[in-house]
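Trainee: Sharing a structure, written as structure tokens. Questions coming.
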Amino acid sequence: MNKIALITGVTGQDGAYLTELLLKKGYEVHGIKRRASSFNTQRIDHLYQDPHIENRKLFLHYGDMTDTSNLIRIIQEVKPDEIYNLAAMSHVHVSFETPEYTANVDGLGTLRLLEAIRILNLEKKTKIYQASTSELYGKVQEVPQTETTPFYPRSPYGVAKIYAYWITVNYREAYNLFACNGILFNHESPIRGETFVTRKITRAVSKIALNLQDKVYLGNLDAKRDWGHAKDYVRMMWMILQAEKPEDWVIATGKTTTVRDFVKFAFAEVGVTLEFKGEGENEKGYIKSCTNTAYNLEIGKEVVAVDSHYYRPTEVDLLIGDATKAKEKLGWEPEFTLQDLVKDMMKNDLSLMKKEIYLKKGGHDILNNYE
Ligand code: NDP
Ligand code: GDR
């Protein structure tokens, strides 16, 4: 019998890569998606299977982390061997605007899943992975951060996730659940949400290179993050649930980079060297040179500016993780470097923007011809 997995947050970045991975491993995969007024399954559309075919391996269920009875019913129907709880209001800045909702989804949502396992007497059958985060560390207590570094969250998101972290530990200790936290540092990809800083940058740089946009406005350029590739990180989620015993694990690259340097690396992919001048809100980035003649970019042009609207009320200044435990005990090794990640994201966004230009030009003419 193949294993059955249930993924909450199946339509998100990690949900999509994890679904792909588990299907390749022969799992029957069930995902919980939210009802939305427009399509929200773009990231998994390539995996979609017609409900009418036999031996279907991917099933989607409508649901929400705030709806206890819905979660219980789905778990009762699916009887999963493994639950991956990836659903969350995952945007740190937005959590300052929606703190109560964030607590409900990210904090209590986890409790609802754990309780559902107990109510349905699935403690011995169902393992659960909780998507914990480096945002738990928040204000720097120790560098690099490990499984034993004290937490000090700096946002409603971080505080909600700390509840989820501890309730997962508590249910493991109280009821012998195979419940684990993956404390994952930032991980990105070509399908990263467009408002997270890396994707915002790679999209903007692609548009600037193709003359579709003048400049990009960013917030704190000094923030340092430990950025990995989501494909490497979902592999580790699966490994965590295959471990001999349930534990908590840090997943990180061990290298940290400023937002400013990420911008420089993205521009380098289109042959541009940037020069930054000024400080704080007055800092700006200018084109110093451009070696790629395919892009018609003006030397000296201002392409990066700071808008304090993107600053957070409390910031996490520096994250750098130490994944020694995962490497030594589970044999995890990331395959992507930061340079590979930037290349992957830039390649994807340049091609998306080129398609946009093509559709605008060609498509528009075609529409006109048939009006
Ligand atoms: P995304 O924001 O890309 O995906 C979040 C998913 O959760 C989406 O499928 C979203 O649905 C779903 N969701 C949001 N609210 C609800 C709700 N109320 N009920 C049901 N589903 C909901 O996040 P990532 O894939 O990047 O991250 C996955 C998990 O890992 C999250 O819990 C995140 O907090 C955590 N994490 C992420 C890290 C990262 O760097 N990416 C690092 C550490 C932890 P919809 O598509 O409809 O919006
Ligand atoms: P983060 O990711 O908060 O680390 O949370 P994000 O990409 O939003 O911010 C990273 C850093 O960049 C700074 N920054 C900006 N951020 C955004 N979004 N937009 C900007 O214009 C901008 N300018 C500078 C931020 O201040 C911050 O310091 C992500 C999410 O995936 C969480 O769900 C996850 O738990 C953590 O990573 C680990």
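Trainee: Here are the criteria: (1) over 28 Å from Y311 (Cα atoms); (2) aromatic (F, W, Y); (3) away from ligand 1 (no atom under 13 Å from the Cβ). Tell me which single one Y129 does not satisfy.
Mentor: So Y129 meets the others, but not (3).
Trainee: Exactly one condition in (1) away from ligand 2 (no atom under 16 Å from the Cβ); (2) surrounded by 21 or more Cβ atoms within 10 Å (Cβ to Cβ); (3) of a type in the set (A, V, I, L, M) is not met by L212; state its number.
Mentor: Only one criterion in (1) away from ligand 2 (no atom under 16 Å from the Cβ); (2) surrounded by 21 or more Cβ atoms within 10 Å (Cβ to Cβ); (3) of a type in the set (A, V, I, L, M) is unmet by L212, namely (2).
Trainee: Could you count how many residues in region 164-207 are aliphatic (A, V, I, L, M) and more than 15 Å from ligand 2 (Cβ to nearest atom)? Break it down stepwise before answering.
Mentor: Of region 164-207, the ones aliphatic (A, V, I, L, M) are 164, 167, 169, 174, 177, 179, 183-184, 191, 197, 201, 204-205.
Among the residues that remain, those that are also more than 15 Å from ligand 2 (Cβ to nearest atom) are: 167, 169, 174, 177, 179.
Qualifying residue count, region 164-207: 5.
Trainee: Now, a different point. Got a sec? Which of N296, N220 is more than 30 Å from K327 (Cα to Cα), of a type in the set (S, T, N, Q), surrounded by 14 or more Cβ atoms within 10 Å (Cβ to Cβ) and more than 16 Å from ligand 1 (Cβ to nearest atom)?
Mentor: Only one candidate qualifies: N220.
Trainee: Answer yes if at least one residue in region 52-62 is within 15 Å of ligand 2 (Cβ to nearest atom), in the same structural domain as S132 (by TED's automatic domain parsing), touching a residue at least 12 places away in the same chain (Cβ under 8 Å) and among the aliphatic types (A, V, I, L, M), and no otherwise.
Mentor: Keep residues of region 52-62 that are within 15 Å of ligand 2 (Cβ to nearest atom), which gives none.
For region 52-62, residues within 15 Å of ligand 2 (Cβ to nearest atom), in the same structural domain as S132 (by TED's automatic domain parsing), touching a residue at least 12 places away in the same chain (Cβ under 8 Å) and among the aliphatic types (A, V, I, L, M): absent.
Trainee: If you take the residues of region 67-125 that are within 16 Å of ligand 2 (Cβ to nearest atom) and among the aliphatic types (A, V, I, L, M), which of them is surrounded by the fewest Cβ atoms within 10 Å (Cβ to Cβ)?
Mentor: Once the filter is applied, the top-ranked residue is V94.
Trainee: From the list T41, T19, T66, T11, which residue is over 27 Å from E115 (Cβ atoms), among the polar types (S, T, N, Q) and within 15 Å of ligand 1 (Cβ to nearest atom)?
Mentor: T41
Trainee: Still on this structure, please answer the following. Do you know which residues across region 228-242 are surrounded by fewer than 23 Cβ atoms within 10 Å (Cβ to Cβ) and either at pLDDT below 95 or within 13 Å of ligand 2 (Cβ to nearest atom) (or both)?
Mentor: none
Trainee: Would you confirm whether or not region 162-178 contains a residue that is touching a residue at least 24 places away in the same chain (Cβ under 8 Å) and within 30 Å of V303 (Cβ to Cβ)?
Mentor: Narrowing region 162-178 to residues touching a residue at least 24 places away in the same chain (Cβ under 8 Å): 162-165, 167-169, 171-172, 175-178.
Among the residues that remain, those that are also within 30 Å of V303 (Cβ to Cβ) are: none.
No: zero hits.
Trainee: Inside region 247-359, counting only helices (runs of 4 or more DSSP H) that do not spill past its ends, which hold 3 or more residues that are farther than 21 Å from A223 by Cβ?
Mentor: 324-330, 338-358
Trainee: Counting only residues that are of a type in the set (S, T, N, Q) and away from ligand 1 (no atom under 13 Å from the Cβ), how many does region 132-153 have?
Mentor: The initial filter retains those residues of region 132-153 that are of a type in the set (S, T, N, Q), namely 132-134, 141, 145-146, 148-149.
The next check asks that each one be away from ligand 1 (no atom under 13 Å from the Cβ); those that pass are 141, 146, 148-149.
Summing the residues that are of a type in the set (S, T, N, Q) and away from ligand 1 (no atom under 13 Å from the Cβ) in region 132-153 gives 4.
Trainee: Right, A88: in a loop (DSSP other than H, G, I, E, B), touching a strand residue (DSSP E or B) at 6+ places or on another chain (Cβ under 8 Å) and at pLDDT 95 or above or not?
Mentor: On the way: in a loop (DSSP other than H, G, I, E, B): yes; touching a strand residue (DSSP E or B) at 6+ places or on another chain (Cβ under 8 Å): yes; at pLDDT 95 or above: yes.
Yes: the conditions hold for A88.
Trainee: Let me spell it out: the conditions are (1) within 18 Å of the chain's Cα centre (by Cα); (2) surrounded by fewer than 16 Cβ atoms within 10 Å (Cβ to Cβ), and K245 meets all of them except one. Which number is the exception?
Mentor: Failed condition: (1).
Trainee: Follow-up question, since we're still on this one. Name the residue that is farthest from the chain's Cα centre (by Cα), counting only residues in region 26-38 that are within 12 Å of ligand 1 (Cβ to nearest atom) and touching a residue at least 24 places away in the same chain (Cβ under 8 Å). Spell out how you get there, then give the answer.
Mentor: Taking region 26-38 as the starting set, the residues that turn out to be within 12 Å of ligand 1 (Cβ to nearest atom) are 31-38.
So of that shortlist, the ones also touching a residue at least 24 places away in the same chain (Cβ under 8 Å) come out as 31-35.
Working: G31: 17, I32: 17, K33: 16, R34: 17, R35: 20 Å.
Filtering region 26-38 for residues that are within 12 Å of ligand 1 (Cβ to nearest atom) and touching a residue at least 24 places away in the same chain (Cβ under 8 Å), the one farthest from the chain's Cα centre (by Cα) comes out as R35.
Trainee: Then there's this: With K57, K24, K33 as the choices, which residue is at pLDDT 95 or above and loosely packed, with under 15 Cβ neighbours inside 10 Å?
Mentor: On the way: K57 fails: loosely packed, with under 15 Cβ neighbours inside 10 Å; K33 fails: loosely packed, with under 15 Cβ neighbours inside 10 Å.
The conditions single out K24.
Trainee: So which residues in region 114-156 are within 26 Å of I72 (Cβ to Cβ) and in contact with an Asp or Glu (Cβ under 8 Å, 6 or more places away or on another chain)?
Mentor: If the condition is that a residue be within 26 Å of I72 (Cβ to Cβ) and in contact with an Asp or Glu (Cβ under 8 Å, 6 or more places away or on another chain), then I117, K125, T126, K127, I128, Y129, A131, S132 are the ones that fit.
The values are calculated or read from the model by the stated rules, or taken from the named source; none is laboratory data. Given the structure is predicted, the values throughout are model-derived calculations rather than measurements. Every residue, glycine as well, gets a Cβ built from its backbone with ideal geometry; the counts of neighbours run over all protein chains shown.
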